[in-house]
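One structure is given here, and the rest of the page talks about it.
The values are calculated or read from the model by the stated rules, or taken from the named source; none is laboratory data. Please read these numbers as outputs of a predicted model, since none were measured by experiment. Glycine also receives a Cβ, built like all others from the backbone with ideal geometry; neighbour counts cover every protein chain displayed.
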Amino acid sequence: MDPDAALVPVRHQRICLPETELDFSGSLYSVSVLKVGYCVPQSDGTFKADGTISLIRGPKTVLVDTGGSWDRDFLLRALKDRGLRPEDVQVVVGTHGHSDHIGNLSLFPAALTIVGYDVSEGDTYQPSGLAEGRVHLMDEQVSVVPTPGHTGQDVSVQVTGTSAGTVLIAGDLFESCSDEETWRKLSLNPAMQEASRQRALQSADIIIPGHGPPFRVMRS
Ligand SMILES: [Fe+2]
């Protein structure tokens with residue numbers, strides 16, 4: 001994504017994908033949604049929520065968001081079903097610091113850990129340009145992009161070159177495919193988030209939101 005791109009609203013249509021369409025293959029990298037997040041208001045004023053968990057496989061194995069701590073057994077099982085142990089995950093990304101997204105970071109103590117703008121290995125924190133708006137490249141096709149607004153330090157993970165085009169694992173930059181009525185109430189800085197959303201809509205073909213199934217972006 002180009003951080004300097006003009007922030008004119010992107011004319012587009014969203015195609016909401018069914019919960020069965022969760023895998024986006026590619027010759028180098030593939031993206032799979034392991035768990036579709038949700039956010040369901042309850043009659044007593046509470047709401048049930050969990051964050052989407054996604055896995056990127058290719059030259060690097062990258063987990064993007066880990067769900068809440070209650071997802072521990074689910075996550076271990078989902079990785080095992082794909083022939084992976086926790087130590088096979090080389091990079092774990094928390095798109096932001098909310099508890100329904102980063103509840104299982106402790107399963108991956110040896111992984112490069114990126115949470116918001118913090119990049120660390122064990123207790124060693126590395127300089128990164130994320131706070132200055134710069135993209136953190138993992139390699140040619142996978143990058144971590146600052147997309148602030150929902151919190152002060154949100155990131156998304158962009159994977160280019162899949163058969164579906166560019167996939168953006170967006171955390172709560174987008175709540176769901178149809179989130180126009182909901183995202184602002186959950187946003188720390190709606191103007192900043194709107195700018196981040198428009199930049200995402202300019203470049204992504206598939207967006208994986210934080211609390212719903214993926215959707216396709218059709219620009220006109
Ligand atoms: Fe959140």
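Looking only at region 50-62, decide whether some residue is of a type in the set (Ser, Thr, Tyr) and in contact with a helix residue (DSSP H, G or I) (Cβ under 6 Å, 6 or more places away or on another chain). The answer is yes; a qualifying residue exists. Just one of the listed residues (Val31, Val40, Val36, Val119) is buried (at least 16 other Cβ atoms within 10 Å of the Cβ), of a type in the set (A, V, I, L, M) and within 16 Å of the ligand (Cβ to nearest atom), namely Val36. Filtered by the rule that a residue be closer than 15 Å to Gly37 by Cβ and either hydroxyl-bearing (Ser, Thr, Tyr) or surrounded by fewer than 23 Cβ atoms within 10 Å (Cβ to Cβ) (or both), region 137-179 gives Ser156, Ser176, Cys177, Ser178, Asp179.
Per this entry, Val167 is not counted among residues that are of a type outside the set (Ser, Thr, Tyr), modelled with pLDDT of 95 or more, away from the ligand (no atom under 16 Å from the Cβ) and closer than 19 Å to His98 by Cβ. Within region 107-116, the set of residues being in a loop (DSSP other than H, G, I, E, B) and either surrounded by fewer than 14 Cβ atoms within 10 Å (Cβ to Cβ) or more than 16 Å from the ligand (Cβ to nearest atom) (or both) comprises Phe108, Pro109, Ala110, Ala111. Every listed requirement among (1) more than 23 Å from Ser30 (Cβ to Cβ); (2) in contact (Cβ under 8 Å) with a residue 24 or more places away in the chain; (3) within 16 Å of the ligand (Cβ to nearest atom) is met by Asn104 save one, (1).
Any idea which residue in region 188-220 is farthest from the ligand (Cβ to nearest atom), counting only those that are of a type in the set (S, T, N, Q) and buried (at least 19 other Cβ atoms within 10 Å of the Cβ)? So the residue we want is Ser196.
Residue count for region 80-132, restricted to those that are at pLDDT below 95 and of a type in the set (Phe, Trp, Tyr): 0.
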